[in-house]
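Structure first, commentary second.
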Amino acid sequence: MEVEMRRSNEEGFTVVQLLASLVIVAIMSAIATPWFISHQRSVQFSSALMNFKSLIQRTKALAGIEGTTFRIDVTDSVTAVVSRHSPPPENNYVLSGDTLRFPPRVRFDAPAVGEVFYLFPDGRANFTGGTLTIMMTENSQNTRVRRLALLPAIGEVVLR
């Protein structure tokens, strides 16, 4: 009986060992969690930028293929909508069905709302504003994490 008791006491972990391992795991997760969240936001921002640039490039290519002028309207702080010029009459644009919506915390800067990209069949692009700024906020207090300005030439990028 005494031998069996000794054997059962020697197997397993002590409470101190379990607590020590729990503390180590807690410290490691406290260090890794902020990095993971930051990395996740960075990937989300980069993905949103790539999607927007892809929308512009697709529309630019389609304008050349169809020989039609397209426009991309920045309708609100998170949405860009593509329209196709359909003459006649002049300046008549119809929706082409291509729409981009940014994920949470990624948005166009307020002055860009209502601005328009014109993409012409000859490959030219014109933006009615000076630059288009895309931002990512860290939280609801609008703490700026990243800003990106797209120049009218489309594809020229300046990070701030």
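Tabulated data for the structure shown
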read-out	value
Spin-label model distance (nm) - Asn92 vs Gln17, 7 Å beyond Cα toward Cβ	8.2
In Hz, Karplus ³J(HN,Hα) per residue of region 19-29 (6.51, -1.76, 1.60; θ = phi - 60°; x = Gly, Pro)	5, 4, 5, 5, 5, 4, 5, 5, 5, 5, 6
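Only the coordinates and a few stated rules stand behind these numbers; no lab work does. Since we're looking at a predicted model, the values are computed, not measured. Heads up, the Cβs are rebuilt from the backbone with ideal geometry, glycines too, and the neighbour counts pull from every protein chain shown.
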